[in-house]
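Reviewing the structure listed below.
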Amino acid sequence: MFDSSRGITTKILYPHIANAEATVSNRVQSVNSDGYVIGPEDSNSDGETYVGWSWKANGGSRTTNAEVGNNPAGGYQANTTAGFSIVDYTGTGAAGTMAHGLGAVPSLIIIKNRDEADSWAVYHSANTSAPETEVINLQSTDATSDSDTRWNDTVPTSTLVTFGNNAAVNADTKTYVAYCFAEKQGYSKFGSYTGNGDANGTFVYTGFRPALVIIKPSSRGGHWMMANSESNPFNIVDKVIFANGSAAGEYTDPAADCKKDFLSNVFKPRTADDNTNDDETYIYLAFAETPFKYSNAK
């Protein structure tokens, strides 16, 4: 994971491990108006295939905030049209707030301590009936757990995110990055569903044909399963990558736990597997392939 607030050509974080930020070279060499240039290391091996996801924030231009009381100093760059912002800040060690720049209430917040090996803290607006009291970790298969030290039991607002005093989100003098997403009709959807334990799975309404869907069991342990329309151009979608895993290659199992359909305004599990469609609660992230009015069913 790279971003232009931290230094897109040199600073890397790995979503499947709790490691601190590392300095690298020759992964992303430059970012241009119409794409980016990949270097020879890791992401450009001869003959290998790759998949990537990119969100435009604000072209690297940040709005800065000074430390005020327990509220951290930092900044954000936001794309309010797409509902995406990158927030970077220095912790205070006490509950405080930070502006996110979205102009709308974020549905998803993913935070990493850049200086130390702390868990990735994820806030998801559909993670239980009181998501502000919960945390779920990106790098693990763990179920959601109660925590009043991540979000200080406070729901985000259209302007601010509240941090508790947990080292994963707000240790004194430590630096952090937070990726914030607000739902945009026809483009992004963040929700939950209850599986039916049947190969004829639950219809999950998104309002668009998905390009990327990430599913995580929240009421029990299980993988963060990432499916995309580039690796799966036709239904049935049966290839996934685990965001919390480091296994080489995509996981493909057309007979079991990967199977789902991407349709014009829904996705639908085609399996009774416990990672996507058991009698459990699942949270998901979905992003559109094209706006709904141009979408065609597959």
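Key figures for this structure:
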{"item": "At 1.002 mPa s and 20 °C, Stokes D of the stretch 65-166 from Kirkwood alpha-carbon radius, µm² per second", "result": "155 µm²/s"}
{"item": "Solvent-accessible heavy-atom area per residue, rounded to whole Å², over the chain at 1.4 Å", "result": "43 Å²"}
{"item": "Scaled radius of gyration (Cα, divided by 2.2 N^0.38 Å) that the stretch 1-94 gives", "result": "1.25"}
{"item": "Full-extension gain in nm, ASN26 to SER129, via 0.36 nm per residue minus C-alpha separation", "result": "32.7 nm"}
{"item": "Most to least packed among 98-109, 194-205 [average Cβ atoms within 10 Å]", "result": "98-109, 194-205"}
{"item": "Rg/Rh for the chain, where both radii come from Cα atoms and Rh is the Kirkwood radius", "result": "0.95"}
{"item": "Helix-derived mean residue ellipticity, 222 nm - over the chain, DSSP H n ≥ 4, -39500 (n - 2.57), to 500", "result": "0 deg cm²/dmol"}
{"item": "Orientation-averaged projected area, Cα convex hull of the stretch 130-244 (nm²)", "result": "8.8 nm²"}
{"item": "Förster radius 25 Å - calculated FRET efficiency between ASP146 and PHE203, Cβ distance, rounded to 0.05", "result": "0.25"}
{"item": "From phi via Karplus (6.51, -1.76, 1.60), per-residue ³J(HN,Hα) for the stretch 176-192 in Hz, x at Gly/Pro", "result": "9, 10, 10, 9, 10, 10, 10, 5, 10, 4, x, 10, 9, 8, 10, x, 9"}
{"item": "Hydrodynamic radius of the stretch 157-206 per Kirkwood, over alpha carbon pairs, in Å", "result": "14.9 Å"}
{"item": "Rounded to the nearest 10 Å², the accessible area of LYS268 at probe 1.4 Å", "result": "10 Å²"}
{"item": "C-alpha center-to-center spacing [the stretch 33-83, the stretch 134-207] in angstrom", "result": "19 Å"}
{"item": "Relative packing of 39-52, 112-125, 225-238, which averages over residues the other C-beta atoms within 10 Å, highest first", "result": "112-125, 225-238, 39-52"}
{"item": "Which of ASP273, ASP172 is most accessible, then next, and so on - probe 1.4 Å", "result": "ASP172, ASP273"}
{"item": "Size of charge dipole - the chain - debye, nearest 20, with Cβ of Lys, Arg +1 and Asp, Glu -1, no other charges", "result": "920 debye"}
{"item": "Of every Cα-Cα pair in the stretch 39-78, the percent that sits beyond 12 Å", "result": "72 percent"}
{"item": "Whole-percent carbon and sulfur share, accessible surface of the chain, 1.4 Å", "result": "47 percent"}
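The values are calculated or read from the model by the stated rules, or taken from the named source; none is laboratory data. Not measured: the values here are computed from a predicted model. A quick note on method: Cβ atoms are made from the backbone with ideal geometry, for glycine too, and the neighbour counts reach across all protein chains shown. What goes into the accessible areas is simple: the full protein's heavy atoms, side chains included, and nothing from ligands, DNA or RNA. Shrake-Rupley method; radii C 1.70, N 1.55, O 1.52, S 1.80 Å.
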